[in-house]
Amino acid sequence: MTASLLWAIAAGVGLGIGLVTLFFALPVMNQPRLKERVAPYVAGVLVSAPEPAYRPLQISGVARIFAPLVAAAVSQLDRFSLNTDQLRRRLRHADMNLSVSDYRLQQVLCAAAGVVIALMLNVLMLLAGNGSVLFAAFSVPVTAVCGVLLRDYLLSQRVSRRRKRMLTEFPTIAELLALAVSAGESAPGAFERIGRSSTGLLAAELSAVIQQTRTGESFGTAVRNLNQRIEAAPIARFLEGILIALERGTPLAEVMRAQAADVRELSKRELMEAAGRKEIAMLVPLVFGILPLTVIFAVYPGLELLSIGL
């Protein structure tokens, strides 16, 4: 590898880092978040809140220009479950009977599989006479990191699929719960009836709530545990409404019917939003595929006739 090629690679890497830094330093990429806008109005609540387990990185001086890039990198690293508590929560959301140590072991095995694949590829290239020390030194760590990221991606996909399936089942479960309570059932009785007579992930979670109450826990504690296991905003609002109605003595049937109506409206709104996104996605092949071909078919014969005439 010549010196000019090395200088060209270094210049390209420097240019890429500079462009990425400028992109993340744009004002549109540094808009204040919702919690930052609301923080001055809830100062008393924030004072009484417990301090976080770690403090964010403080950047000052000229290096502040790299603050957006560093913050984005840290937020991306949080996705890779470097925090043990976050990883434990993700495993709970995915409904996987794995401990943190088991998951880390799976990540190590995936990294080892990536290293083996890279070594086999380098051996084949060496036998073919195209081996390179630089490529070997680059491919082995990259494939190891890719193996770790692949395991994290599979976990994220499992969490996303499970949450989407629960949200799909949620409107029907909410209607059934409201109907059972209106028929005279208590909240635990409605949970038990729906969990016994229905199928699906959310019905299984309702059955788990009843099982926890039979082991001695209160119904409110079991419902809060369910909320922590799912952590979906519509389901959380529904469960909190049930708990508040039970604590304050509000007629539960009316609250459940109102909550079910809100869930129906939410499902309709999400359906309309999904239809709008699909409509825009359908325009992509039309605008970038069919329309240019139509213009070409309409214009090209005329251009050919003009060239013949000339």
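Bear in mind that the values in this text are calculations on the coordinates, not laboratory data. Given the structure is predicted, the values throughout are model-derived calculations rather than measurements. Neighbour counts are summed over all protein chains in view; Cβ atoms, including those assigned to glycine, are modelled from backbone coordinates with ideal geometry.
In table form, for the structure just shown:
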| read-out | value |
| --- | --- |
| Charge context of E185, other residues only, Cβ under 9 angstrom, K/R +1, D/E -1 | 0 |
| Compactness of the range 241-310, expressed as Rg and Dmax over alpha-carbon positions, Å | 28.3, 90 |
| Dipole axis of the range 96-217 (+1 Lys, Arg; -1 Asp, Glu on Cβ), positive-most option in A111, Q157, P188 | A111 |
| J(HN,Hα) series, the range 297-307, from Karplus relation 6.51 cos²θ - 1.76 cosθ + 1.60, nearest Hz, glycine and proline x | 5, 7, 8, 4, x, x, 5, 5, 5, 5, 5 |
| Per-residue ³J(HN,Hα) for the range 262-276, Karplus 6.51 cos²θ - 1.76 cosθ + 1.60, θ = phi - 60°, Hz, x for Gly and Pro | 5, 5, 4, 5, 5, 5, 5, 5, 5, 5, 5, 5, 5, 5, x |
| Dipole moment magnitude, nearest 20 debye, the range 78-194 about Cα centre, only Lys, Arg, Asp, Glu C-beta charged | 140 debye |
| Gyration tensor (Cα) of the range 169-285, equivalent ellipsoid semi-axes in angstrom | 30, 16, 13 |
| In the range 231-310, the trypsin sites (Lys or Arg not before Pro) that fall in loop regions by DSSP, at most 12 other Cβ within 10 Å | none |
| Per-residue ³J(HN,Hα) for the range 106-115, Karplus 6.51 cos²θ - 1.76 cosθ + 1.60, θ = phi - 60°, Hz, x for Gly and Pro | 5, 5, 5, 5, 5, 5, 5, 4, x, 5 |
| Stretch gain in nm, segment L22-M272, where the contour uses 0.36 nm per residue and the Cα spacing is subtracted | 86.3 nm |
| Under 20 Å from K278, Cα to Cα: lysines that are on another chain or at least 8 residues apart | K164, K268 |
| Where N is the number of residues in the range 116-228, Cα Rg divided by 2.2 N^0.38 Å | 1.90 |
| Relative contact order [Cα under 8 Å, 6+ residues apart], the range 84-192, whole percent | 29 percent |
| Charge dipole magnitude, Cβ of K and R +1, D and E -1 - the range 113-181, Cα centre, debye nearest 20 | 140 debye |
| Calculated FRET efficiency for the pair K35/T221, C-beta based, R₀ 22 Å, to 0.05 | 0.20 |
| Test item: Cα-centred dipole of the range 206-271, Lys/Arg +1 and Asp/Glu -1 on Cβ, debye | 100 debye |
